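The values are calculated or read from the model by the stated rules, or taken from the named source; none is laboratory data. Please read these numbers as outputs of a predicted model, since none were measured by experiment. Every residue, glycine among them, receives a Cβ derived from its backbone with ideal geometry; neighbour counts consider all protein chains shown.
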Amino acid sequence: MRNNEVILLVDAYRKLHRRGAKLNLINIIDKTHPADLALLFRSFTLHERLYFFSLIKNNEKKAEVLSEADDNIIIEILKPMKRPDVIHILREMDYDDESRILRLLPPEEQQELLKLMKEDESREVEALMGYEEDTAGSIMNPEVFHLSEELTVAQAIEEIQKSADTEMVFYIYVTDDRTHLVGVVSLRQLILNDPKKPLREVMVEDVISIRPETDQEEAARIASRYNFVAVPVVDDENKLIGVVTVDDIIDVLREEATEDLLQMAGLGRDSDIILKTPWETTKKRFPWLLATYIGGLIAAVTIGLFHGLLSEYIILASFLPIIAGMGGNIGTQSSTIITRGLLTGRVNPDTAGKIILKEMRVGATLGLIYGLILGIIAFFMTYVITTNAYDYPLIRCLELSVAVAAGIAIAMTLATFTGTVAPMILNRMKIDPAIATGPFVTTTIDILGDLIYLLIASLLVSL
């Protein structure tokens, strides 16, 4: 749905609501796709969300809307509802969606709802909730379609036809008599092969699978790398216990990309931050801005240590912003490139050394180019334009120009090194490398750039 269509529909819903046209609202809600309804709910007030949700005819559509809605909207809708009504809606969902929604609720409400579920349903949901968040186990669907390796192609096709209600039969996973995953068959292979052939002669034995404790981002990366629309999940004994399907994979990719972008901007990991209240947003953003604030104070103290040098050669202060800015920018570029490389697998321990040297060469080359240009500008400013203001001798103007040129060259080289190494270290420590493009690293680069520049200037002037 395009933005202009969203605006038009939101206006239409509100006009009908103001007029009290309940039947018209029910009709338009009935014709709106659940995913579009979930999108529209972002633009409604809490009262409007609750009212429009109550007008949805059946629990199946309510379940589909909640499955697509943002976390904070789900909580708002479920909070005033009676527990039995919530259970009726949850029963229309897949187990993985049920567990995701239950995780959003307080522990006491989770237990209350689990007790109201059927025994087999609550057992499956609790099993999924037992896996840590952001793992393949937490997003997998335990209702995975699989067939015995002893069946023939004809029997397999017959079983598929009987299982029309089974969601998303992308691949036919083949198991032995103890549910061990032994192969996989595509629907195309079934159609093209001899109906009398057993599945064990048709299947592909080299099956790429994941464990339930595998990080969801890694699961999505595997699906993307091999162009899968589903990835089987097996336990330590290679028993088939679930499947991560394409809809979950897309959600993971979108969620992880959003989190990375937010962290790169120093906004944390909350993908729903735009929907928070001003006070909640303030609390979320405060700690991340605090890092920049403290870094700025450290930079101020660092510059203050050279107050004697700057008071005597005030022209040096003119170049502090450009040196810090160029160092911060090139460092952010390097850290962004490396972070992306780590996420796609193009940066690994075998290639780390070469990449670090390459980035440092790039930083040194760019630093020398910009250093030479800035050095000429510095000499022009100190000796030609502002001679009367500063009255520096020629040798002093040359020293100051060299200090500016060397300062920006070394600062940019060091910035590329820091921006390259930081995400690698964070990744090695099992910390999201996207943090390396946030305020922590960029502020550090700014401080080091100013410090190096002033140290070089101090050294040259004292010689």
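Some points to look at:
- Qualifying residue in the range 235-253 (condition: over 30 Å from Tyr392 (Cβ atoms), out of contact with any helix residue (DSSP H, G or I) (no Cβ under 6 Å at 6 or more places or on another chain), modelled with pLDDT under 80 and part of a helix (DSSP H, G or I)): no
- The one condition from (1) assigned to a loop (DSSP other than H, G, I, E, B); (2) surrounded by fewer than 16 Cβ atoms within 10 Å (Cβ to Cβ); (3) hydrophobic (A, V, I, L, M, F, W, C) that Val144 does not meet is (2).
- Every residue from the range 342-354 that is surrounded by fewer than 19 Cβ atoms within 10 Å (Cβ to Cβ) and assigned to a helix (DSSP H, G or I): Thr344, Ala352, Gly353, Lys354
- Hey, Gly308 touching a residue at least 40 places away in the same chain (Cβ under 8 Å) and either under 18 Å from Leu455 (Cβ atoms) or out of contact with any strand residue (DSSP E or B) (no Cβ under 7 Å at 6 or more places or on another chain) (or both) or not: no
- Pairs, first assigned by TED's automatic domain parsing to the domain that holds Ala69 and under 23 Å from Leu55 (Cβ atoms) in the range 83-102, second surrounded by fewer than 20 Cβ atoms within 10 Å (Cβ to Cβ) and among the polar types (S, T, N, Q), C-beta under 6 Å, six or more apart: His88/Asn59; Ile89/Asn59; Glu92/Asn59
A quick yes/no check of all residues on (1) assigned to a loop (DSSP other than H, G, I, E, B); (2) farther than 21 Å from Ala220 by Cα; (3) of a type in the set (D, E, K, R); (4) without any contact (Cβ under 8 Å) to a residue 60 or more places away in the chain:
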position	(1), (2), (3), (4)
Gly137	no, no, no, no
Ala154	no, yes, no, yes
Leu181	no, no, no, yes
Arg188	no, yes, yes, yes
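- Among the residues of the range 383-411, those that are at pLDDT 80 or above and β-branched (Val, Ile, Thr) comprise Ile395, Val402, Val404, Ile408, Ile410.
- In the range 229-254, the residues that are of a type in the set (Lys, Arg) reach residues that are in a strand (DSSP E or B) and at pLDDT 90 or above with C-beta atoms within less than 6 angstrom, at least six apart or across chains, in these pairs: Lys239/His180.
- Top-ranked residue of the range 192-207 - restricted to ones that are free of Cβ contacts under 8 Å to residues at least 24 places away in the same chain and under 40 Å from the mean Cα position of the chain (by Cα), ranked as surrounded by the most Cβ atoms within 10 Å (Cβ to Cβ): Val204
- The set of residues from the range 92-106 being more than 22 Å from the chain's Cα centre (by Cα) and modelled with pLDDT under 90 comprises Asp94, Tyr95.
- Only residues that are over 16 Å from Gly327 (Cα atoms) and free of Cβ contacts under 8 Å to residues at least 40 places away in the same chain were counted across the range 339-366, and they come to 11.
- Top-ranked residue in the range 25-69 [being hydroxyl-bearing (Ser, Thr, Tyr) and part of a helix (DSSP H, G or I); ranked as surrounded by the most Cβ atoms within 10 Å (Cβ to Cβ)]: Ser67
- For the range 170-191, the set of residues classified as over 16 Å from Ile208 (Cβ atoms) and loosely packed, with under 15 Cβ neighbours inside 10 Å consists of Asp177, Arg178, Leu187, Arg188, Ile191, listed by residue number.
- Single residue of the range 198-233 satisfying the filter (among the charged types (D, E, K, R) and assigned to a helix (DSSP H, G or I)) that is nearest to Glu159 (Cα to Cα): Arg200
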